[in-house]
1. For Val44, which of the numbered conditions (1) in contact with a helix residue (DSSP H, G or I) (Cβ under 6 Å, 6 or more places away or on another chain); (2) free of Cβ contacts under 8 Å to residues at least 60 places away in the same chain fails to hold?
2. Being assigned to a loop (DSSP other than H, G, I, E, B) and either crowded, with 19+ Cβ neighbours inside 10 Å or under 9 Å from the mean Cα position of the chain (by Cα) (or both) is the filter here; which residues of segment 238-262 pass it?
3. Which condition number does Tyr211 fail, the rest of (1) surrounded by 14 or more Cβ atoms within 10 Å (Cβ to Cβ); (2) aromatic (Phe, Trp, Tyr); (3) under 15 Å from Ile108 (Cα atoms) being met?
4. Check off (1) closer than 25 Å to Leu294 by Cβ; (2) surrounded by 13 or more Cβ atoms within 10 Å (Cβ to Cβ); (3) touching a helix residue (DSSP H, G or I) at 6+ places or on another chain (Cβ under 7 Å) for Trp89 and give me the number that stays unchecked.
5. Being within 18 Å of Thr187 (Cβ to Cβ) and part of a loop (DSSP other than H, G, I, E, B) is the filter here; which residues of segment 142-154 pass it?
6. Report those helices (runs of 4 or more DSSP H) wholly inside segment 69-134 carrying at least 1 residues which are touching a residue at least 40 places away in the same chain (Cβ under 8 Å) and under 14 Å from Ala270 (Cβ atoms).
7. Against the definition (of a type in the set (Ser, Thr, Tyr), modelled with pLDDT of 90 or more, part of a helix (DSSP H, G or I) and surrounded by 20 or more Cβ atoms within 10 Å (Cβ to Cβ)), how does Ser275 come out, yes or no?
8. Can you find even one residue in segment 184-195 that is surrounded by fewer than 12 Cβ atoms within 10 Å (Cβ to Cβ), of a type outside the set (D, E, K, R) and more than 17 Å from Ile113 (Cβ to Cβ)?
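The values are calculated or read from the model by the stated rules, or taken from the named source; none is laboratory data. Quick caveat, the model's predicted, so the values are computed rather than measured. All Cβ positions, even for glycine, are placed from backbone atoms using ideal geometry, and neighbour counts span all protein chains on display.
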Amino acid sequence: MTNLAIRPLPSSRRQRVSKTGVALHTGTAYLFLLPFLVLFGVFVVFPSIFGLWISVTDWSPFKDTQSFIGLQNYIDLFTPGSITFGDFWQSMGATGIFTVLSVPCLLIIPLLIAILLNNNIRGGTVFRAIFFAPYVLGVAVIGVIWKYLLDTQSGMLNHILGLFGLPTDIPWTVDVPWAWVSLVLVTVWWTLGFNAVILLAGLKAINPDLYEAAALDGAGVFRKFWSVTLPGLRPVMLFVSTTTILASANMFGQSYILTKGGPANTTRTAIMYISDQGLSQNNMAPAAAMSYILFAFLAIISVINFRLQREKTD
């Protein structure tokens with residue numbers, strides 16, 4: 001009688017089959033990643049390396065040859081009296097002002113909205129859509145809309161203020177500090193919905209039993225917020241605060257459309273100045289050096305923010 005029992009594969013053959021399966025699985029994963037890796041290399045890695053090379057040369061689109069000048073473009077940015085020193089650091093200061101003014105608003109206001117929506121209020125889904133809707137619009141659309149709303153002579157905002165007996169000639173986009181108020185107002189209105197949705201998701205992930213335990217210990221609303229809500233939101237707050245800082249420091253469109261960097265370049269941010277030097281003035285090499293200085297500042301701020309948040313979590 002023929003023995004039909006299935007014999008197990010030898011251990012060496014099983015290992016070869018297992019390795020083949022792992023290799024096939026890994027190869028499939030890399031195959032699906034390939035389109036992203038190609039795009040990432042073309043639009044991120046290559047421009048970064050090329051920009052770094054430009055920053056250490058006297059590269060110009062109108063020159064046939066380029067000379068290596070080392071760190072001279074970077075040295076000029078830290079040398080008082082150089083062509084780029086004053087304007088660049090003025091724009092860096094404007095970037096810092098906008099970041100300091102906008103980031104707290106983009107953390108506190110969305111958090112309050114998220115807490116309100118987390119209470120399962122009536123029509124919560126509709127309110128979430130209303131708050132998030134502006135975020136799907138492009139900065140050009142937002143800028144044009146608010147440019148008309150904030151117009152000193154015919155803007156609707158000044159007209160509404162007049163209905164309440166308030167001044168109707170506020171120069172929202174042509175004088176400081178109103179230009180800063182306008183830029184922060186528009187940015188907060190435009191982007192708070194994104195932060196609110198992220199924070200709301202973080203609130204939903206907090207275990208409700210923690211609030212019940214806090215209530216049994218006699219904790220009030222503010223104590224629950226301080227001892228339960230904030231610790232539970234720290235990982236989410238790390239993400240939101242980091243992305244908000246980076247987005248605020250890279251602000252360009254709002255200033256370009258609403259204030260044109262004025263008055264007297266007061267609201268001209270670093271990104272706006274870099275783009276002007278590189279694309280309008282064709283000073284590509286100094287502009288590349290400026291971009292890496294800005295990158296270094298943002299990297300340092302991000303690391304500090306990450307470490308502070310991690311220490312609080314620990």
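1. (1)
2. Here is the first cut: in segment 238-262, the ones assigned to a loop (DSSP other than H, G, I, E, B) are 250-252, 260-262.
Answer for segment 238-262, where residues must be assigned to a loop (DSSP other than H, G, I, E, B) and either crowded, with 19+ Cβ neighbours inside 10 Å or under 9 Å from the mean Cα position of the chain (by Cα) (or both): Asn250, Met251, Gly261.
3. Answer for Tyr211: the failing condition is (3).
4. Of everything listed in (1) closer than 25 Å to Leu294 by Cβ; (2) surrounded by 13 or more Cβ atoms within 10 Å (Cβ to Cβ); (3) touching a helix residue (DSSP H, G or I) at 6+ places or on another chain (Cβ under 7 Å), Trp89 misses just condition (3).
5. Start the filter on segment 142-154 by keeping residues that are within 18 Å of Thr187 (Cβ to Cβ), which leaves 142-150.
Result: Leu150, single match.
6. On the way: elements: 72-77, 85-117, 124-132.
Answer list for segment 69-134: 72-77, 85-117.
7. Working: of a type in the set (Ser, Thr, Tyr): yes; modelled with pLDDT of 90 or more: yes; part of a helix (DSSP H, G or I): yes; surrounded by 20 or more Cβ atoms within 10 Å (Cβ to Cβ): no.
So Ser275 does not fit the description; no.
8. Quick first cut of segment 184-195, residues surrounded by fewer than 12 Cβ atoms within 10 Å (Cβ to Cβ) only: none.
No, that holds for no residue.
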